[in-house]
Every structure is written in C-alpha cells, then in structure tokens.
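Laboratory data are not the source of any read-out in this text; all were calculated from the coordinates shown. None of the values given here were measured: they were computed from a predicted structure. Methodologically, a virtual Cβ is constructed for each residue, glycine included, from the backbone with ideal geometry; neighbour enumeration extends over all protein chains shown.
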Amino acid sequence: MGETIGKVFLDTTYYPGQDLYSDGAIEDEMLAIARDCAPEEFNSVIRDRESWPILYHFSHIRENILSWLPFTGEEKVLEIGAGCGAVTGALCKKAKEVTSIDLSMKRSKINAYRHRDQENLKILVGNFQEIEKNLTEKYDYITLIGVFEYGEAYIQSETPYVDFLKIIATHLKPDGKIVLAIENRLGLKYWAGCTEDHFGTLFEGLEGYPRTSGVKTFTKKEFGKILKEAGDLKAAWYYPFPDYKFPMTIYSEEHLPSKGELNRTEYNFDRFRLELFQESPVYDTLLENDLYPQFANSFLLLIGKEQPQMQTVYAKFSNERDRRFAICTEICKKQGNEKQVKGDMENGKSQTGEDKNGLLVKKFPAEKEAESHIRKLEEIYEKLKVMYQPEGIGINYCHCTAQGAELEFLGGITLEEKLDTLLEAGKTEELEALLFSYIEKIRRIHEKEPFEKTEDFIRVFGDVNLEQTLKGTSVSNIDLVPANILLDGDRVSVIDYEWTFFFPVPSQFLVYRMIHYYMESDVKRGSLKSLNFYEKAGITVREQEIYAEMEENFQKYMLGTHTSMLSLYDRISPGKANALEFYEEQKQRASRELQIFWDAGRDFNEEDSVRYPFKNDEVSITLKLPEHTTRLRLDPGEFRTGIYIRKMRWGNGEEVKRRAEGYRFDKDIFYFGGEDPQLYIDEIPEGAGTLELEMELLNEQRTGQKFWEAYLEREKKLNVAAQDLIAREKKLNAAAQNLITREKQVHTVENSRIWKIYRAIKGI
C-alpha cells in the first residue's frame, strides 16, 4: 500500500487513516511550497513569507546538525520522526539507503515532494511502535532529531524514555550509532528568559515541568542515567550552538568554545522572550569554570553499544552565504597514516612532521559551486606566507585535496582573547598598545603601493568615494582581525585567510575592520568606545561612513541572493523585552514622588517645592498654599506615564482649572509620552486656601496603547475629512470648469454673425 512521488515511495501500510497531529492550514502552504518550488528556491520563499514555520521546516541550516557526520556512502539509515524532511536531504546525500518514519501523511508528502529526486529514500507513514515491530533491517545510523523528548507519546510504558532507547538499539548494527539531538533542560537561553521550546512558557523545563506533561527534556546527568538504564549505552557528546535547530557550530568534549566565541543569541524566532541578562559574558564565566557542557542550549549525542570513536571534534558551518562561498570547517583527529604540517617560523618554510596535538583542520565546500573558493586557499597561503614573514607573522600551512583543503591546527589563544584578558584586568593602556602594534603591522604589510580602484574592487566593495592618497597591495586579506590572529608564546600566526582578494584594497579599510570587529562583536567591549580608537588610527568620521558602506557591500557580495538568519530575525521574531530596563523603570516607579512647585514671585524653583511619595501608585494630599502663590506646577515623575485625577479642588470647594503638556482622554485622564510630565495651574482664586488632590498613576503600556489608538482614530477621521474636502474641491473645480466652458460658449455666440443680426432685429 502506498504511492510514489517522483522517485520516493510512501508506504502507507501502517497509516491509521488520519493525521493525529497537525499545525493546521500552514501545512497546506508548506505542501504547496514543497511541490512547486525547487530546493534552491526555499531561501527566497523564507525571505518573502516571513513565517516561523516556513523558516523552521525549510531552512537548509537545519541540515547542519547531520551534514558533518562521517559517511562512506554505503550506510543504511533509519530516520525516526522525519516530519517535513528538514534533515532528510542531508542523509540522502551521504547514505546508500534512507528509511524515514513519520506519523503524519501531510508531513510525509511534504518530505517526499521536496526530495522527489532522491532514489535512495523510502518513507513509512504511521506510528513508530507499530512500524518498528515489522522492521527487519539493521541500520548503521538511526536518527532522533527533535524526537526523543516525545518518548512518552511514542512508547506506552512506565519508563518510556529508557524503553525508547532500548527498542531503537535492537535495530542497530553491532557498530551502529543512534544520533540524538535534543534541548538541554538547563540550557542557558532558558535562564536568560527564552520560553521553553515545546510549551512556550517561562522556566517550565528549569522547574522540572510542574504544569505540563507529554514532553520532557533532560540535563546531562539525567541523560547519563537514561543511557545506563537502557543497556549501559555509551555516548560521544556534542554541543550544537546556538542550538540543534539552527546549528552554526558543533563543539565537543575535546574542543569546547573559547572565551568571546559564543555571541549569537537570536533564538526566539517563534515566541516573545524576556532578556534577563547578556548571555555572552555569562558563557565566558561558564567556560572559565568548566561548566559549559552543563548549560549548553542543546545536546547532540552519538550513542552506541560501544563507545563511539569520532574523528571530528569540531565543525563550523559558513553556509549562510551565496552558494559560491558556502563552506564547512572541521577540526579532526589525525588518523594513523596522516602527517601533520607545521610551519617553520625561522625560515618561512613548511616542513612535514608529527603534531603534538594530533589535530588537523579541514575545509569542505558545502555546495558544489564553492569548490573553486576552497581551491584558492592554497594559492592564498603561498602568497600571504611571503608577505607576512618580514613582520614575524606565520600562517597555518594549507594544501588542497580532492575533497577540499587541509590546514595545520595551531595551539594558543587569539589576539581577541588576549585583548579581552587585558580589558577584564582593567589594563586598557596595555590593550590599546597591543591592538595598535598589530595595526602598525597591517600598515607595514599593506601599504606598499598607491591604491587604485579596479573593476573587481567595485564588484565586491562598490563604487565608493575614496581618497586618492590611499595605499594597498595587490593581495589583500581583509579578515586580518583579532579573532583570526593566534598567539602561542612568541609565535604569531594567521589562522583564517579565506577572504583574501587578488586586487588592491585600502590598508585603512583593513585597519577599520581590525577595530570594528573587535569593538562591535561583544557588548562587554562597549566601555572602550570612549578611547576613540578610530580617531587614533587616523580614520575620520567620514571615512568610517565610507568603510561601513564598503563592509555592507562586501556582505551583500558574500550573501548574494541568500538571506541570512540574522537579517530575518527582526522580520520574523515577535521580539523581546529587556528585563533590566523594566526593572529600572519599576524601581523608579516604586520610589516615585509627586513634586509640586509654587510661584510666589520667583518663578518655579527647587526651593519653592514640596514632594509627596506615591504609595501603590496613588497619592492623596492637602497642600496649604504659601503666601503670594500665583500659580502651581505638578510634576508626577520623570518618565512616560498616564495619570488619573480623581479629585482636584480648592479649599473653598471650587474646581481647579488646569492644563497639561500631554494628551487628554477626558477631563481627568491624561497621557504623557515625554520623559517629564507636567500639569499647570495658572490661576488661583481668592480664598482658595488649600489644594486638595487625589491622583493615580496608570499603566504606561496600556495608557500609551490607548493613546495611539485614539491618535490613529483621529488621524483616520482627519484623513476621511481630508478626502471629503478633496472630493468637494473636485466637485467645485468641475462646476467652475463647467461655468467657464458655458461662458466661453456664450461669448462665442455673442460674437457670431447670427447673434449680431438677431440683436439688430430685436433692437437689443
């Protein structure tokens, strides 16, 4: 039983006849996309639709979670919970046979249509528990990507998660592996104010799911217990960042992040979030205390009956780009027959020898179109090696292979880390001196000849208005930034030179990027802005604008027609609320006072004023008017607010006449959109004696919203009135034109021969 879509067979033998879960109408839209659009068009669709479900199900970034795994091309893979096929394509590209299982017919069809050209894909539609009983194959890989947390729904038992793994393990080959990706219950993003991924509530997982059921995520310790109880299964632990859904980097126990490296925090594409603290410096603290694995946002486990031995310890994806530049970088353990290459700083040559760390860097094209981009690396290496040697700067050796490029792995810390260490120690003078020592190196390397704007330069950086006196070199590594300069004792090396161009680029632009990418890539460096590094480097404000334009044009060149996740964030995400700002506002509100000024001949001044604290956003006072008071001013605070005047009258019973620098909803309710709300009383009647006042502060957000609704309604009415006026003017103009036409007609008749004869006959 089943149907064929393209080359893909949908087996419906176990399909219950209806989909037991659905996201509704959006799935019909996704089915149409999968059916009518080619995979290379998905990014444009994501950009145009601006929809979280479409981003989530169709982004090629989802495949990063699996695309780095070592396949020989002979593997048989079982994909459990394939859904709409977000990662199925990555498996089809690398494995011999892929069998996907999903309960939903609609989602299985979406999967089939988007992968209709894959001959090695079969999709089984139905409940895993029913299908599993009839599986006869043994698999090299079984994948659970965002599936294991639903174990309670898949397996009906007292220990569903343990039993889920036990059952799956029976379908593995002896050396087979389970690939499991899941959120960490203690992920830092949840502490920082992101809602729990499955329920959309704050702190639900952190609190142990006290209010929900049906879905569970786990801590690292809890996972260890599950693995033990499932048959003493062994796991290699990996940590996708920012999370497993859209991983751009995969870390491992053997290669964890460096300080300052974790600065992507755009997680909340689907739901509004709080922003309780800046995550990047907290990550640094966790790393310093060896706690990162406990607080990583996601886990990626490679699970086997024996301890999995993995060659790759790190993977970084640079595939949010035009397909010509989409690459993947891996750090791998050397195999027995491999030699590691090590640079010889004394003579500028490279020699083959064993590397003490036993690691190797590999770069691969993520798309076929990027092959030439990778092949250029060896030529770049040869040219930069010669250029950098006089400044005592080495470069990690590179040679190209049939698969991509291999580079030596170098130890040490980046210049960026070194600068941050000085910043944290308060040694800003040393920081500045160190940074500018490298700025001077850049200038000595890249100021060899007068800069000339070439066609290639314009193609990449735009036809910007540059000075005629700038200098450059025929080979330009624009990525000579602190994060790409490695310090290891006395050895200095450049470790990433992908963006090197064989045409002149102004050296000042390289200096600009050196400063810019250090200063702007982490909020903790904001304190350095007062030191005016750009000015000290001889870069004027106007030049900063020009170089910013060049950088923008370069980013457009690199992206091509691709739209990055970061640029989609503001268009798709519902946003976030900064808790610190809210706290400061509420703190100010809690200590808020009503200040009343009186003018007794000296205008309004602090000496002639009195303060009354608000209690629970209310104040009730009776003010005895000082002698000779002619007017009053009431200041209810120093931030936006709404106020309700419950009572305002003189001691003689007369109502107080007042005016406000704000929007009046009615006689007693005002909204102040500025930071210094004020009420004025310009006349004080004879015998007033006292001012009796009861005032309430209103919720600023609700009052502000009410104001904007009123404002928009007024604008709407004004527009209607304006349109009515325009229509009337058109009618008047038409009548006037008609009158003019008739007058012309009369004038024509009056001047005619017949009219003259008629007048002569009638004696007119």
I need the GluC sites (Glu not before Pro) found in segment 262-306, filtered to DSSP loop residues with at most 13 other beta carbons within 10 Å of theirs.
306
Residue-normalised 222 nm signal for the chain, counting each DSSP H run of n ≥ 4 as -39,500 (n - 2.57), nearest 500 deg cm²/dmol, is -10500 deg cm²/dmol
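Could you list 598, 650 in order of exposure, starting from the residue whose Cβ has the fewest other Cβ atoms within 10 Å?
Numbers: 598 23, 650 19.
Least crowded to most crowded, the residues run 650, 598.
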Point-to-point label distance, residue 719-residue 222, nm (Cα→Cβ direction, 7 Å offset):
5.0 nm
Over segment 2-310, calculate the relative contact order: mean separation of alpha carbon pairs under 8 Å at least 6 apart, over the residue count, as a percent.
18 percent
Per-residue HN-Hα couplings for segment 468-473 [Karplus 6.51, -1.76, 1.60; θ = phi - 60°; Hz; x = Gly/Pro]
7, 9, 6, 10, x, 9
Mean Cβ count within 10 Å, highest first, over the residues of peptides 195-208, 174-187
174-187, 195-208
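Placing +1 at every Lys and Arg Cβ and -1 at every Asp and Glu Cβ, with all other atoms neutral, what dipole size does segment 491-594 have around its Cα centre, in debye to the nearest 20? Don't skip to the end; give the middle numbers.
Details: 13 positive and 15 negative charges, 58 e Å.
Computed about the Cα centre, the dipole is about 280 debye.
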R0 = 30 Å: FRET efficiency of residue 655 with residue 593, Cβ-based, nearest 0.05?
0.75
Which one of 688, 83, 361 has its Cα pushed farthest toward the positive end of the charge dipole of the chain, where Lys and Arg give +1 and Asp and Glu give -1 at the Cβ?
83
So what's the angle, to the nearest 10 degrees on a 0 to 90 scale, between helix 160-169 and the longest Cα principal axis of the chain?
40 degrees
Could you tally the net charge around residue 151, taking each other residue with its Cβ under 10 Å from the Cβ of residue 151, Lys/Arg +1 and Asp/Glu -1?
-2
From phi via Karplus (6.51, -1.76, 1.60), per-residue ³J(HN,Hα) for segment 661-672 in Hz, x at Gly/Pro:
8, x, 8, 9, 6, 8, 4, 10, 10, 10, 10, 10
Using the crude model of +1 on Lys and Arg Cβ and -1 on Asp and Glu Cβ, and no other charge, please compute the dipole size for segment 2-310 relative to its Cα centre, in debye to 20.
400 debye
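Of the listed pairs 418/529; 166/225; 221/316; 94/138, which have alpha-carbon separations greater than 20 Å here?
Values: 418/529 18 Å; 166/225 13 Å; 221/316 26 Å; 94/138 18 Å.
Check vs 20 Å cut-off fails for 221/316.
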With the dipole of the chain worked out from charges on the C-beta (+1 for Lys and Arg, -1 for Asp and Glu) around the Cα centre, which of 236, 600, 727 lies farthest toward the positive end?
727
What are the aspartates and glutamates whose alpha-carbon lies under 15 Å from the alpha-carbon of residue 333, with same-chain residues fewer than 8 places away excluded?
253, 254, 354, 355, 406, 408
Select from 176, 268, 210 the residue farthest towards the positive end of the dipole of the chain; place +1 on Cβ of Lys and Arg, -1 on Cβ of Asp and Glu, and compute about the Cα centre.
268
By a straight-distance test (C-alpha under 20 Å), which lysines pair with residue 615 as possible cross-link partners, with residues fewer than eight away in the same chain excluded?
587, 647
On Cα atoms only, tilt of 105-114 relative to the major axis of the chain in degrees
70 degrees
Please give the contour-minus-distance gain from residue 743 to residue 20: 0.36 nm per residue of separation, less the Cα-Cα distance, rounded to one decimal in nm.
252.4 nm
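Tally Lys/Arg at +1 and Asp/Glu at -1 over every other residue whose Cβ is under 14 Å from the Cβ of residue 12; what's the total?
Numbers: positive: 106, 107, 109, 122; negative: 3, 11, 19, 102, 130.
That works out to -1.
Label segment 163-265 by shape, choosing from rounded, prolate and oblate, from the square roots a ≥ b ≥ c of the eigenvalues of the Cα gyration tensor; if a/c is under 1.5 it is rounded, and otherwise prolate applies when a/b is larger than b/c, oblate when it is not. Kindly include the intermediate steps, with their values, before the conclusion.
Values: a/c = 2.25, a/b = 1.23, b/c = 1.83.
Taking the square roots of the gyration eigenvalues as a ≥ b ≥ c, segment 163-265 is oblate.
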Determine the dipole magnitude for the chain: charges of +1 sit on the beta-carbon of Lys and Arg, -1 on that of Asp and Glu, nothing else is charged, the reference point is the Cα centre, and the result goes in debye to the nearest 20.
2480 debye
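What is the chain's relative contact order, in percent, from Cα pairs under 8 angstrom and six or more apart in sequence? Intermediate values should be presented prior to the final figure.
Numbers: 1372 pairs, mean separation 62.1, N = 764.
Once divided by the residue count of the chain, the mean separation gives 8 percent.
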For the residue 444, residue 552 Cβ pair and Förster radius 25 Å, calculated FRET efficiency rounded to 0.05 is 0.35
Partner lysines for residue 716 [C-alpha distance under 17 Å; skip if fewer than 8 residues away on the same chain]:
706
Computed label-point distance, nm, for sites residue 603 and residue 199 using a 7 Å Cα→Cβ extension
6.0 nm
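Which shape class applies to segment 509-652: rounded if a/c is under 1.5, otherwise prolate when a/b exceeds b/c and oblate if not, where a ≥ b ≥ c are the square roots of the Cα gyration tensor eigenvalues? Provide the component values of the computation, followed by the final result.
Numbers: a/c = 3.84, a/b = 2.39, b/c = 1.61.
Prolate, because a/c is 1.5 or more and a/b exceeds b/c.
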